[in-house]
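Structure first, commentary second.
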Amino acid sequence: MNPLVSTTNQSGVAVITIDNPPVNALSPGVPEGLASAFTAANADVGAKAIVVIGAGRTFIAGADIKELEYAAWGQPAKLPALHDLLATIENSAKPVVMALHGTTFGGGLEVAMAGHYRVAARDGVMGQPEVNLGIIPGAEGTQRLPRLVGVEKAIEMCVTGKPIPAADALAAGLVDAVVDGQLLDSAVAFALDVVSRNAPLVKTSDRTDKLGTPERNAPLYAAGCALAAKVRRGAIAPLKAVDAIEAAVALPFDEGCRRERELFSECVVTDQARALIHAFFAERGVAKVPGITKETTVRPVGKVAIIGAGTMGGGIAMACANAGLQVLLKEAEQAALDRGMETIRKNYDVSVKRGRFTPEGVEERMARIHPQLDYAGFDSADVIIEAVFEDMAIKKAIFAEIEGIAGADCVLGTNTSTLNIDEIASVTKRPGSVVGLHFFSPANVMRLLEIVRGKATSSEILATALALAKKLNKVGVVAGNCPGFIGNRMMFPYMYEAQFLVEEGATPEQVDKALTGFGMAMGIFAVDDMAGIDVAWRVRKALRHFAEPGVRRPLVQDQLFEMGRYGQKTGRGWYIYDANRKATPDPEVVELIRSSAAGAGIAQRTFTPEEIIERTVYALINEGARILEEGYALRAADIDVVYINGYGFPARLGGPMMCADQIGLAKIAARIAEFHAEFGERWTPAPLLARLATEGKTFREFDLERA
Ligand code: T1G
């Protein structure tokens, strides 16, 4: 007996159940089990029809991505050859009804589409998310999906990778019924109805009614490519998905399937597939933290108290309210509190306008946020998050205050982007309860939460912080307590190098263009303007950057600060901003850069985009290697998760460390050595990077060896 697939009989219907926790992936054994279950069910005189259902939380969520990872890295992989299985399902003489709940994704949807009918639970979702992994559907999804939903919808689903809810699937023709309540009973009843009506068993592969013709579809293909360029800039797989759907229209079914397999095979060995599959597992790996086990107590969180209703505090309050938590939001003065609440209201209004929330949903959320000027109710909060100004003295004063108020089990979080957690914790008698919670702005939108472990932070507090991140729909990455933690510590050399480049002859616009061309969501000067040149100035002072004599200092940023050019908030920074926050280059700034450089005798030259990328991104990678070696990041993969989710690093490059692996550490180390010779100490190669390069190894291998 196959433990992954079993068959029972309900009212004369063979019920085939897939039970491969956690998500019923098509791991080795599942397709084989399904194939023999189908053969048996077809031979079983006691079965009039067949229902396939998933045990646990979902129908099949796709192929086993572990196997895809092996394939991507050229290792022996047991990728399911589903062609024969899908043909067996489709050719079944007995009606096949697929009962879908949870996430019917990828290979799961492909199996489902081979059935004659599909019945879905109302809260189920269906999709072909393969592009998220840098690949296209590989089990005939690009051939059957357009036959069921039409070419336009199929392109949209395969290009964006976004799942659709059951109701939309019904409207599109992907499923035949949406049911509430007992899914299995409904599916069995549906199957019996098909039998009693002697309804025809239409094979999806035989259908052509929704396919159209190559000529008429030409604009749809062009629109699909345009959509790909828009939502997945630079990605290969979405374009290949369009090609495969074109083949569904132009070729007979079997030939179309062959074409899909070719395109799939091309995609799976690309750098992008490797990078995206890496990113998938990296994101799920961050919660694995030494010292935290299944036995570690995670404290329940229902009520969060926030100190400070500014940009960060307000955003954190929204993130908590969105997750259904009760929120106390404290400010020192009424005017600031009112301003904070107004901003929250305004942000929610925008979400309603954009259709993200309903007006009622917003009222529910607003009702969860209690504005206040005192500490009332803080004694029963599960988590307190201090989110005031980035100033050590103020933060310490607040921690000294809440020490006497917070309950014994309360998590004491500080939202700092750079300050020393241990120093903050030192003012309390319970440093084990103190943890850094570095949210990213806007905190209600950005997925990253850096969770900073101080030297005393207890495992329980850390585990609770990780659970809180999950509850807030964020990805929590544990970082050690070094200045800037993981993300900002890496950003400093990257940002300063960009500034040196403009002093040497590039313009902010050129640097930003090179970076966005590389794939970054924003250029670093645009980021500086968004985060605030005043904020960067304060951080620089607090961390005593450039305090040592003899180091090269950026010449312009302090001048911009002194001119009151704080970036977007003042309409001027490195760029000029219009009312819609659209940036245009400012000749005055370029002039300021040129005259400052001339004053310092800096030679001027031009830079290619490649040189710009090397100087900036390699600085990022070099610092990442240091952080990893010093143990402030648990894994290279954690650094990648930080940069993809908090700093706009393109997922298709896998994050800075995976990107370094793919460029080749030897090449990077050689270039860094040249920069070191030319620019001196700030380019000292990170010892780990140098060592791995010499040994011919990668950061990925470094992670695997330590796992
Ligand atoms: N394969 C292997 N492991 C998987 C997996 C999969 N498809 N999906 C999830 N896991 C693991 C995951 O690593 C984690 O493990 C645990 O399950 C829970 O996941 C032939 C080629 C299903 C919506 O892309 O979108 O089919 O960390 O923490 O938030 O054409 O996982 O606990 O050890 O994410 O509830 C297409 C990807 C594959 C689905 C559940 N399918 N997965 O989310 O839990 S390609 C996908 C997800 C394919 C065919 C092609 C989500 C989820 P661990 P989780 P969750």
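Looking across the range 129-157, the residues that are part of a helix (DSSP H, G or I) and within 14 Å of the ligand (Cβ to nearest atom) come down to PRO129, GLU130, VAL131, ASN132, LEU133, GLY141, THR142, GLN143, ARG144, LEU145, ALA154, MET157.
So is ALA229 buried (at least 16 other Cβ atoms within 10 Å of the Cβ) and either within 23 Å of GLY106 (Cα to Cα) or not assigned by TED's automatic domain parsing to the domain that holds LEU68 (or both) or not? No; evaluated as a whole, the condition is false for this residue. The set of residues in the range 469-484 that are in contact with a helix residue (DSSP H, G or I) (Cβ under 9 Å, 6 or more places away or on another chain) and either of a type in the set (A, V, I, L, M) or under 17 Å from ARG544 (Cβ atoms) (or both) comprises LEU472, VAL475, VAL477, VAL478, ALA479, ASN481, CYS482, PRO483, GLY484.
Rundown of residues vs (1) open to solvent by 10 Å² or more (accessible area, probe 1.4 Å); (2) modelled with pLDDT of 95 or more; (3) not in a helix (DSSP H, G or I), yes/no style:
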site	(1), (2), (3)
ILE613	yes, yes, no
GLY631	yes, yes, yes
ASP638	no, yes, no
GLU678	yes, yes, no
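Scanning the range 511-526 for residues that are among the hydrophobic types (A, V, I, L, M, F, W, C) and farther than 10 Å from VAL617 by Cβ yields VAL511, ALA521, MET522, ILE524, PHE525, ALA526.
Does ARG118 count as open to solvent by 30 Å² or more (accessible area, probe 1.4 Å) and either farther than 16 Å from ALA169 by Cα or more than 16 Å from the ligand (Cβ to nearest atom) (or both)? Show your work before the answer.
Values: open to solvent by 30 Å² or more (accessible area, probe 1.4 Å): no; either farther than 16 Å from ALA169 by Cα or more than 16 Å from the ligand (Cβ to nearest atom) (or both): yes.
No: the conditions fail for ARG118.
Residues in the range 260-314 that are more than 12 Å from the ligand (Cβ to nearest atom), open to solvent by less than 40 Å² (accessible area, probe 1.4 Å) and acidic (Asp, Glu): none.
Can you confirm whether the range 207-216 contains a residue that is within 16 Å of the ligand (Cβ to nearest atom), within 30 Å of PRO95 (Cβ to Cβ), in the same structural domain as VAL111 (by TED's automatic domain parsing) and in contact with a Gly (Cβ under 8 Å, 6 or more places away or on another chain)? Within the range 207-216, none of the residues are within 16 Å of the ligand (Cβ to nearest atom), within 30 Å of PRO95 (Cβ to Cβ), in the same structural domain as VAL111 (by TED's automatic domain parsing) and in contact with a Gly (Cβ under 8 Å, 6 or more places away or on another chain). Checked against the criterion of being out of contact with any helix residue (DSSP H, G or I) (no Cβ under 9 Å at 6 or more places or on another chain) and free of Cβ contacts under 8 Å to residues at least 60 places away in the same chain, the candidates ALA397, ALA381, ALA367, ALA319 yield just one match: ALA397. Only residues that are assigned to a helix (DSSP H, G or I) and not polar (S, T, N, Q) were counted across the range 68-91, and they come to 12. Scanning the range 601-624 for residues that are farther than 18 Å from PRO508 by Cβ, in contact (Cβ under 8 Å) with a residue 12 or more places away in the chain and small (Gly, Ala, Ser) yields a total of 2.
Condition test on GLY124, is it within 16 Å of the ligand (Cβ to nearest atom), in contact with a Phe, Trp or Tyr (Cβ under 8 Å, 6 or more places away or on another chain), farther than 29 Å from GLY654 by Cα and assigned by TED's automatic domain parsing to the domain that holds LYS230? Yes; evaluated as a whole, the condition is true for this residue. If only residues of the range 92-112 that are within 11 Å of the ligand (Cβ to nearest atom) and not in a loop (DSSP other than H, G, I, E, B) are counted, the one that is surrounded by the fewest Cβ atoms within 10 Å (Cβ to Cβ) is THR103.
Does ARG430 qualify as being crowded, with 23+ Cβ neighbours inside 10 Å and charged (D, E, K, R)? So ARG430 fails the test. Give me the residue from the range 67-87 that is in contact (Cβ under 8 Å) with a residue 60 or more places away in the chain and closer than 16 Å to GLU130 by Cβ and, out of that set, farthest from the ligand (Cβ to nearest atom). Ranking the qualifying residues of the range 67-87, first place goes to ALA72. Number of residues in the range 477-505 that are outside any helix (DSSP H, G or I) and surrounded by fewer than 24 Cβ atoms within 10 Å (Cβ to Cβ) equals 7. The set of residues from the range 36-67 being among the aliphatic types (A, V, I, L, M) and either surrounded by fewer than 17 Cβ atoms within 10 Å (Cβ to Cβ) or part of a strand (DSSP E or B) (or both) comprises ALA40, ALA43, VAL45, ALA49, ILE50, VAL51, VAL52, ILE53, ALA55, ALA63.
Within the range 565-612, the set of residues being in contact with a strand residue (DSSP E or B) (Cβ under 7 Å, 6 or more places away or on another chain) and not charged (D, E, K, R) comprises GLN568, GLY571, GLY573, TYR575, ILE576, TYR577, ALA583, THR584, PRO585. Of all residues in the range 579-597, exactly one satisfies the criterion of being surrounded by fewer than 11 Cβ atoms within 10 Å (Cβ to Cβ) and more than 38 Å from the chain's Cα centre (by Cα), namely GLU591.
The values are calculated or read from the model by the stated rules, or taken from the named source; none is laboratory data. Keep in mind it's a predicted model, so treat the numbers as computed, not measured. Cβ sites come from the backbone with ideal geometry, for glycine too, and all protein chains shown count toward neighbours. Surface areas here come from the heavy atoms of the whole protein model, side chains and all, with no ligands, DNA or RNA. Shrake-Rupley method; radii C 1.70, N 1.55, O 1.52, S 1.80 Å.
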